[in-house]
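Colleague: Next up is a structure, given as structure tokens.
Please treat every number below as a calculation from the coordinates, not as lab data. What you see is a predicted model, and the numbers here were worked out from it, not measured in a lab. Virtual Cβ from ideal backbone geometry, glycine too; neighbours counted across all protein chains shown.
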Amino acid sequence: MPPPGPVQPATAGPPSPDHGTRLVGTRLDRAFRTAAARLGGPLVRWPWWAQVAAVYVAARLVSACIFMSAALHQGFNPWFPAKPDYWNFINIWDARWYESVMTGGYPTELPVDAAGNVQENTWAFYPLFPTLGRMLSAATGMGPAAVLILIAMLAGLAASLVVYLLFRTRAAHGPALWGAAFFSTFPVSPVLQVPYAESLNLLLLAAALLLVVRRHYLWAIPVVLAMCLSRPTGVPFAATIGILFLYRAGEAWFEARNHGQAAKGRRVHSRNELWSLAGLTAVSGAGALAWPAVAWVATGDIAAYTKTETVWRGHDLVPFKPWFDTGVLLFGPVLGLVAPFVFVAVFGLLMASPPVRRLGTELRLWCVCYMGYLVVFLHPQTSTFRMLLPLFPLALAAALVSRSRAYRGAVITMFVLLQIVWVVWLWAWAQLPGGGDYPP
């Protein structure tokens, strides 16, 4: 009788069709793990803040190389001679408007042309970023461009740290760090190191969301007010907090009515927490209207802010309509009218996906309200890519899709390649046949 051994299959067929694919995926994952161990071995022994900072600084150095390479090919432009240095190259587009606010403030009368149409002016740019620049310049003697760049870079670094802390409320260190890495390398992340208000706004937004997730609603009030004066994110944030209040109040009412059966292991809000959340809701709503109100008082025109904002669009503000106009322009008169509905449906499916559900109520609600705000008020254009940055909580969802380092490394690689596309296509100036260029 033969010695016992492993049971062999009766027949040996050919390998399964996806055997080679799995083998390649395994080898890629092993290669990424080996490279990560060599490059990040010392990094994993650092404290969390040093790890996040190292990732962010490395990402900004990569973006700086992309900027410098693009500057070598920069030709004629409205700001400086061809082939500018790095500092001049990043100090263009809206950076010049923020510098104008910092040095000249806001007009008390809206500038108009001979036909009475409002012209481009500084009321479209929120005051916190240039005000901080003016204060730092007065304290240090540095020039406007230098202080605005410094504030943007420091705020971007601080934002990456707060983003990581926010992600840690929903995931372990590894996925949270990868989420912060996705945030730092996002295709439009180079804007975090130029004199734009994005980095400051994202710092305040991430801090506000972190405080809300931790139920520190009263502490969030000053942060939200500052955020509302940095960029136009106040309206979707106020909507987020208002809906969250209704949801938490309903949750507490249902739990009380059912004698504690609705909590399902999660502590519902106490009465004091609900009052604090109600206060934050009221303050958020007031903060969202603060800057348009300031423009009204300063100019005497109740629509001063919206008139200024719509100058860049070339037409009045009509909710939803620009999305259908852009759809028709891109896809034709039939598919173009369907495209916005398809976009909304796809985004809804994304919000219902398992990785996004792991973000929790607050972060998912923010993403939904912010995208809803864009759909209602935004005019889709090349600047839309930059306006997607406040959806940064989805970076954590992307990191939670798979634990494979091959997948996560591929995402980073794709993001860096798309940074090149963004800088070369939109940041660098290349005059269009009709004049001007697409804004970043």
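Colleague: How large is ³J(HN,Hα) for each residue in region 69-82, as worked out from phi by the Karplus curve 6.51 cos²θ - 1.76 cosθ + 1.60 (θ = phi - 60°), to whole Hz, x for Gly and Pro?
Modeller: Running phi through 6.51 cos²θ - 1.76 cosθ + 1.60 with θ = phi - 60° gives 5, 5, 4, 5, 9, 6, x, 4, 7, x, 10, 7, x, 4 Hz.
Colleague: Still on this structure, please answer the following. Compare the peptides 310-323, 212-225 by average per-residue count of other Cβ atoms within 10 angstrom and give them in order, highest first. Walk me through the numbers before you get to the answer.
Modeller: Values: 310-323: 13.6, 212-225: 19.2.
Highest to lowest by the protection proxy: 212-225, 310-323.
Colleague: In nm, give the distance between the simple-model label positions of Val421 and Trp253, each being 7 Å from the Cα along the Cα-to-Cβ direction.
Modeller: 4.7 nm
Colleague: Give, rounded to the nearest 20 debye, the magnitude of the charge dipole that the chain has about its Cα centre when Lys and Arg contribute +1 at Cβ and Asp and Glu contribute -1 at Cβ. Working shown, then result.
Modeller: On the way: 31 positive and 18 negative charges, 429 e Å.
That gives a dipole near 2060 debye.
Colleague: Right, something else. For n ≥ 4 DSSP H runs only, could you compute -39500 (n - 2.57) per run for the chain, divide by its residues and tell me the 222 nm figure to the nearest 500? Spell out each step's value before the answer.
Modeller: Values: 19 runs with 281 residues, N = 440.
Dividing the helical sum by the residues of the chain leaves -21000 deg cm²/dmol.
Colleague: For region 286-298, just list the computed ³J(HN,Hα) in residue order, Karplus coefficients 6.51, -1.76 and 1.60, θ = phi - 60°, integers in Hz, with x standing in for Gly and Pro.
Modeller: Whole-Hz 3J(HN,Hα) from phi for region 286-298: 5, x, 5, 9, 5, 5, x, 5, 4, 4, 4, 5, 6.
Colleague: For region 372-438 and region 324-358, compute the distance between their C-alpha centroids and round to whole Å.
Modeller: For region 372-438 versus region 324-358, the Cα centre distance is 17 Å.
Colleague: Sorted by packing (mean other beta-carbon atoms within 10 Å per residue), highest first, where do 233-243, 382-392, 72-82 land? Working shown, then result.
Modeller: On the way: 233-243: 23.4, 382-392: 18.1, 72-82: 12.7.
Going from most to least packed, we get 233-243, 382-392, 72-82.
Colleague: Evaluate the relative contact order of the chain (contact order divided by residue number), counting alpha-carbon pairs under 8 angstrom at least 6 apart; express in whole percent.
Modeller: Working: 517 pairs, mean separation 89.3, N = 440.
Across the chain, relative contact order equals 20 percent.
Colleague: If you stretched the chain out fully between His173 and Val344, how much longer would it get, using 0.36 nm times the residue separation minus the C-alpha to C-alpha distance? Let's see the in-between values first.
Modeller: Working: separation 171, 0.36 × 171 = 61.56 nm, distance 3.21 nm.
Fully extending the segment from His173 to Val344 adds 58.3 nm.
Colleague: Just one of [x] 1.12; [y] 0.94; [z] 1.04 is Cα Rg over 2.2 N^0.38 Å calculated from these coordinates, so which is it?
Modeller: [x]
Colleague: Can you run phi through the Karplus equation (6.51, -1.76, 1.60; θ = phi - 60°) for region 410-424 and list ³J(HN,Hα) in whole Hz, with x for Gly and Pro?
Modeller: 5, 5, 4, 4, 4, 4, 5, 4, 6, 4, 4, 4, 5, 5, 5
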